[in-house]
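Inspection log for the structure reproduced underneath, given as structure tokens.
Please treat every number below as a calculation from the coordinates, not as lab data. Values in this document were obtained by computation on a predicted structure and should not be read as measured data. Note that we place each Cβ from the backbone using ideal geometry, even for glycine, and neighbour counts take in every protein chain shown.
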Amino acid sequence: MLRTDRLTLRIADRNLCNRLDVGFNEGENWVILGANGSGKTTLLHALAGLREPDQGGVLLDDVPVRDIPHRQRARRLGVLFQDFESAFPATVLETVLTGRYPRLERWQWESAEDYRAAEAALEAVELTGFVQRPLITLSGGERRRVEIAALLTQDAPICLLDEPTNHLDLRHQIRMLEMLASRAHRPGHLNIIVLHDVNLAARFGTHGILLFDDGECLHGPLSDMLSRPNLERLYHCRLREIHDDGARWYLPD
Amino acid sequence: MNRRLPITLLLLAAAPLSLWFALSQGSLNIATAELWRALLGGHDNATAYLVIHELRLPRALSAFAVGGLLALSGALLQVLLRNPLADPYVLGISGGAAVATLLSMLAGLGSGWLRGNAFLGAMLSMLIVFGLSRAGAAWTQNRLLLTGVVVAAGWGAVISLILAVAPSAQVQGMLFWLIGDLSYASQPGVAITALVIGLAVSLWLARPLNLLMRGENVAATLGENPARLRLIIYLLASLLTAMAVTLAGSIGFVGLIIPHILRLAGGSDHRFLLPASVLFGGGFLTVADTLARSGAAPMQLPVGVLTALLGVPVFLFLLARTR
């Protein structure tokens, strides 16, 4: 569905990735891992077509993603950004309904169907009853879930998410990643998620990209990616590997 | 829960009332029945007909148009710059118009020239800010805001210089223009046309503006081209401001406060906010101007003083009540 073609990204003369060729296919739940400043967000923005690649390109359904009209692209691909803006007052419902934008004509008002989609999305992120709340009255984690609900309302088959678990408590981290993973496994769907938590990545991801800060990247099925040497090199710290019930857990030493 | 509809209906009813108030006030006392007849074209009372059609009606319509233009432009610029403190003058449009007008006054040009030059000055300032903020690096709203603020400060210095060297007989006229004054606004046609077209274009942009509130990246991933959107909003808001300033000088506070009051009252959906700003801004300035010319008669106050005196306490009251 989405693939990179010899994609090279640079920030201030530093290569974040060099001639990267990855194919993202339906049913897959990708995670991007890397240290701070390794270029995870930059890569995600390039995949979304928001950033001009320094070389190579990104193809969505075999068309360069930056050549696709914004509106058409928005029906295929949605993005959850790392942080949000709130200079002006808005309610939860107003914010979530903006996700319907690519599906409505310019003069069209939201229909009952759009309201249902918004309410279903709020239910999925466990914010039923927050409909009329002003955003400024929400906590950071609730605000994060409003943004996720807006993305769900957009109903794009391909979702790119930048640290969706930011500000979320333990239970909601699991709930949100579970919900996103089950969405990715539906036919025609795909997620690419930037994560900081290796163990959450191992639990919910199917494939992974490891961005090392020397510009090298590894990608492939996640079980091949996650090993103590790889992760210690990735994060520049010693890790402890714990085996429990058939699963592997990594903790900083 | 949803207060947008009642607020809009209230404003729709208040707009003609504000115009009526403007028509009925003045040194010549005209009875209601006579006012109606004169307004509808009856010549039986020639004085009333003249006062209504030559003086009060053009001025009331000018006030309404200018108020609507300023409030609309303010609402657009606040979203464009993602800054609640933005007003129609923050990017230096009025500064350019002011310098051009004051220089024309110094040169002793007539009022037609003043208008034309004010508009040219506004356009010049728009192009300068636009060109400078695009030079080199990416065009971010902070860069635009900083460029605009600095250019406005530059115009401010030139204005002070002109005021310092101008013959004292001209200074009062200049000050009235700078504070904002509708005394010479006798031809509202162009401004009203601009207001109608501006509102139509703004409504076409209303839903994209709702996206822009969530940030440019969000707007881009939901199907808008932010660079194009930004450019259209900038040009539109600049033209609206230029029209208002050309007609009435730089009347303050309408463009800043009206959109905020409406956001506090009815939320930020631009499909509500933009038309409501036109109605409220227009009605507000019409009433303020009527008070400015008749409240302390025979003395005429510049309406810009009154908008601030009325607007500031109302806004502070609303702000204190919410949250």
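Tabulated results
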item	result
Evaluated at q = 0.07, 0.08, 0.15 Å⁻¹: base-10 log I(q)/I(0), Debye formula over Cα of chain B	-0.28, -0.37, -1.22
Under Karplus coefficients 6.51, -1.76 and 1.60, residue-wise ³J(HN,Hα) of the range A:70-85 in Hz, glycine/proline x	3, 5, 5, 4, 5, 7, 9, 9, x, 10, 9, 8, 5, 10, 10, 10
Karplus 3J(HN,Hα) series, Hz, for the range B:49-57 with 6.51 cos²θ - 1.76 cosθ + 1.60 (x for Gly, Pro)	4, 5, 4, 5, 7, 8, 10, 6, 5
Signed unit charges on C-beta, dipole axis of the protein assembly as shown, positive-most listed residue B:178, A:81, A:192	B:178
Helical mean residue ellipticity (222 nm; -39500 (n - 2.57) per DSSP H run of 4+; nearest 500) of chain B	-25000 deg cm²/dmol
Förster radius 22 Å - calculated FRET efficiency between residue A:179 and residue A:137 (Cβ-Cβ, nearest 0.05)	0.35
Ranked list, fewest to most other Cβ atoms within 10 Å of each Cβ, for B:241, A:128, A:98	A:128, A:98, B:241
Assigned charges on the beta-carbon of Lys, Arg, Asp, Glu; the range B:46-184 dipole about Cα centre (debye)	240
Shape category assigned to the range A:159-253 from the gyration tensor of Cα positions, a/c cut at 1.5	prolate
For chain A, radius of gyration divided by Kirkwood radius, i.e. Rg to Rh on alpha-carbons	0.97
Packing-based order for A:189-199, A:116-126, using average beta carbon neighbours within 10 Å, highest first	A:189-199, A:116-126
Charge dipole magnitude, Cβ of K and R +1, D and E -1 - the protein assembly as shown, Cα centre, debye nearest 20	920
The range B:174-315 - charge dipole about Cα centre, Lys and Arg +1 at Cβ, Asp and Glu -1, debye rounded to 20	240
Positive-pole candidate from B:199, B:55, B:189, dipole of chain B, charges at beta carbon	B:199
Sequence-distant residues sharing a close amide H with residue A:218 (under 5 Å, placed H)	A:210, A:212
Stokes-Einstein D in µm²/s, Kirkwood radius over Cα pairs - the protein assembly as shown at 20 °C with 1.002 mPa s viscosity	80
Under 13 Å, Cβ to Cβ, from residue A:173 - net charge with Lys/Arg +1 and Asp/Glu -1	0
Which of B:251, A:118, B:111, positive extreme of dipole for the protein assembly as shown (C-beta unit charges)	B:111
